[in-house]
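Please read the structure below before turning to the comments.
The values are calculated or read from the model by the stated rules, or taken from the named source; none is laboratory data. Predicted model only: the values in this text are computed from it and were never measured. Neighbour counts run over all protein chains shown; Cβ positions are idealised from the backbone, glycine included. Calculation scope for accessible area: heavy atoms of the full protein, side chains included, ligands and nucleic acids excluded. Shrake-Rupley method; radii C 1.70, N 1.55, O 1.52, S 1.80 Å.
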Amino acid sequence: LHDKAYARRLTQLGEKKEIIASEDIFNDQGILLIKKGSPINERMADKIIRFKLVKPIESSVDISNSVSASDLLQDLSALLQKYPQIRFVHDQYKLEAPLKTLCAAFSMHTILRQKLTVLKEQMPELYRQSVAIAWLSVLIAQSMRMSSQEIETCFLAGLAHDIGMMHIDPAIIEKKEALTPAEWRQIQAHSIIAQKVLESVKGINPRVA
């Protein structure tokens, strides 16, 4: 269920952004479903969603114009412009320079960039919240006099804390009526899903997960 929900979001995004298979994609029976270099869009949705894949779909695709360090900084600036009180705190604690460094560190992790790109396009309010949480995490970590590595860990964890929501069935997320116990358990599982995704990101501090 979780893989299908995210795969559906990817194929929908493929109608707006160029998403390419970065390698051959096989199902768990070893059958080639999508060749390397093929576009990932809604025409490919059935192949991706109907079968269980050997590898998670996010590890086998590249998104053009994914969220970059400069994009993230721009979105942080938009947050500061919207809330003068936050801008005041930001300036008082001299967060501009460290945040530039942290955004550069974020851009080194392809899977994380992919997830933030899909989140920004598909769930923009949740993306803005994640940017705000990342900013707040840096403020708290710096105030606690944490090391630069620990501050980076907090920043990345703040950015990624809700990426698991993209793996939950949209019908449950968007449901207006009260959730059933089973549906509520699925919503609660988003943090575990995020943890599993982050554990698969090469080169990232394990403490982020």
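Side notes on the structure shown:
- Residues within the range 197-209 that are in contact (Cβ under 8 Å) with a residue 24 or more places away in the chain and part of a helix (DSSP H, G or I), tallied: 4
- Among the conditions (1) in contact (Cβ under 8 Å) with a residue 60 or more places away in the chain; (2) open to solvent by 40 Å² or more (accessible area, probe 1.4 Å); (3) part of a helix (DSSP H, G or I), Q74 misses just one, which is (1).
- Selected residue (criterion: nearest to the chain's Cα centre (by Cα)) from residues of the range 1-30 that are open to solvent by less than 60 Å² (accessible area, probe 1.4 Å) and more than 22 Å from R113 (Cβ to Cβ): N27
- One residue from I48, I133 being modelled with pLDDT under 95, over 19 Å from G203 (Cβ atoms) and either in contact with a helix residue (DSSP H, G or I) (Cβ under 6 Å, 6 or more places away or on another chain) or of a type in the set (F, W, Y) (or both): I48
- Filtered by the rule that a residue be among the charged types (D, E, K, R) and at pLDDT 95 or above, the range 136-172 gives R145, E150, E152, D162.
- Scanning the range 31-45 for residues that are open to solvent by less than 60 Å² (accessible area, probe 1.4 Å) and touching a helix residue (DSSP H, G or I) at 6+ places or on another chain (Cβ under 8 Å) yields L33, I34, S38, I40, N41, M44, A45.
- Whichever residue in the range 142-157 is more than 19 Å from Q195 (Cβ to Cβ) and of a type outside the set (A, V, I, L, M, F, W, C) and, among such residues, is most open to solvent (accessible area, probe 1.4 Å): R145
- Selection within the range 169-200 - charged (D, E, K, R) and within 13 Å of the chain's Cα centre (by Cα): K196
- Residue that is surrounded by the fewest Cβ atoms within 10 Å (Cβ to Cβ), among those in the range 99-141 that are in a helix (DSSP H, G or I) and among the hydroxyl-bearing types (S, T, Y): T101
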